[in-house]
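Heads up, the thing below is written out as structure tokens.
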Amino acid sequence: MKTSENKILVTSPLLPDLQDFNEYLRQIWDSKWLTNNGSFHQQFEKALAEYLGVEYISVFTNGTLPLITALQALGLKKGEVITTPYSFVATTHSIWWNQLKPVFVDVEPTTGNIDPEKIEAAITENTVAIMPVHVYGQPCDNERIDVIAKRHNLKVIYDAAHAFGVRKEGKSILEWGDVSTLSFHATKVFGTIEGGALICHSAEMKHQIDNLKNFGFRGETVVEAPGINGKMDEVRAAFGLLNLKQIDAAIEARHNVAMRYREAIDKIEGLSYLVEQSDIRYNYGYFPIFVDETRYGISRDALYEKLKANNIFGRRYFYPLISTFEPYKDFPSAALENLPIATKMAEQVLCLPMHHALSEEDVKRIIRGVLK
Ligand SMILES: *Cc1c(COP(=O)(O)O)cnc(C)c1O
């Protein structure tokens, strides 16, 4: 077995130029203002709003707190929230931390996103919201989700952790629903080491969210709600500001890798990938492939191990399903027969290495690895 070649990891963080970052650090050192809505925090929010094409955005110290805070900001105190098991575990945890009950609904095989067709059957008199995920940056079917939400008077919170910069027909998909959240974790397309954001649709709500992420303070002496500390510091806001300058180039590099992968996988019996919808500007955050064992010849896990033996580290993302984890596995909606599509996808999926810094040589090596 060849293990002498260098390691190819599933992702690699987007890092600002160190000299540029140093210059910003010097400014922060000089100002002695490290957090609490400093100048970089303000600049970063403004630049993000502009880049993303949204009006109201609040940055956070990670991508989980905006989810938790979103449910607080919408005043959801009791009841059930319909969500997808095919996501990162933070989606469901945020519901749990609000003492709301997650209810799992199966996904569409074409996108991996919650299946609007199956949402209504899961609605009860206790349902208060829907929390879909744009998984791998594939936009959800927002039109159908909207119709259902309106009909049943439900809030919609999009976990858009994978959808940085994704646009449909030229418009940001972060404007969908009541609110959307982003993650700027180092493993994501756009990163601030740790970080995240909450996008809403009014100045009033942004104000409320800004207070909630600062312990619920309104002004110096008034606490208007039981808030939390979700603030992003100046160092990471500066890091993000610099990364915004190179994000388009990074997405373009990822796009090129995705095209190479597709071309190769089209010729391999038993492997498939998610097909793009039309008129979407994708961010190529992930490249999931699905292994049909009978036609491909070996299982997903066998392929995963084979790549590992060649120093290529894919990730079985999302496997296992959230609904199979200890805190949730006994929920009626977690039953396998309720989630056949998600279960199958989780068993077949493997995310190939995907990032802006993969070389042509790396891509060739990965493609050789997945060839039978
Ligand atoms: C990464 C991620 C989160 C959580 O973000 P953190 O920044 O790691 O807290 C939430 N939802 C999804 C779908 C994610 O992939």
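Some observations on this one:
- Protection proxy ranking for 43-50, 249-256, using the average of other Cβ atoms within 10 Å per residue and placing the highest first: 43-50, 249-256.
- Relative contact order computed over the chain (Cα-Cα under 8 Å; 6+ residues apart), in percent: 24 percent
- In a fully extended conformation the segment linking HIS152 and GLU360 would gain 69.8 nm over its present Cα-Cα distance, using 0.36 nm per residue.
- Highest average first, the peptides 130-140, 337-347, 222-232 ordered by how many other beta carbon atoms sit within 10 Å of their residues are 130-140, 337-347, 222-232.
- Helical runs (DSSP H, four residues minimum) scored at -39500 (n - 2.57) apiece and divided by the length of the chain put the mean residue ellipticity at 222 nm at -10500 deg cm²/dmol.
- Taking 17 Å as the straight-line reach from the Cα of LYS245, the aspartates and glutamates in range (excluding those fewer than 8 positions away in the same chain) are ASP17, ASP20, GLU23, GLU45, GLU50.
- Within the chain, antiparallel bridges make up roughly 60 percent of the DSSP beta bridges whose residues both belong there.
- Per-residue extension of 0.36 nm, minus the Cα-Cα distance of LYS7 and TRP29, leaves a gain of 4.3 nm for this segment.
- Residue-span extension gain [GLU269 to GLU125] - 0.36 nm each, minus C-alpha spacing: 47.2 nm
- Spatial extent of region 12-165: Rg and Dmax, with the Cα atoms as the point set, Å: 18.4, 58
- Ranked by how many other Cβ atoms sit within 10 Å of their own Cβ, fewest first, the residues SER172, SER359 fall in the order SER359, SER172.
Read-outs throughout are calculated quantities, based only on the coordinates presented, and are distinct from any laboratory measurement. None of these values were measured; they are calculated from a predicted model. Note: ideal-geometry Cβ built from the backbone for every residue, glycine included; neighbour counts use all protein chains shown.
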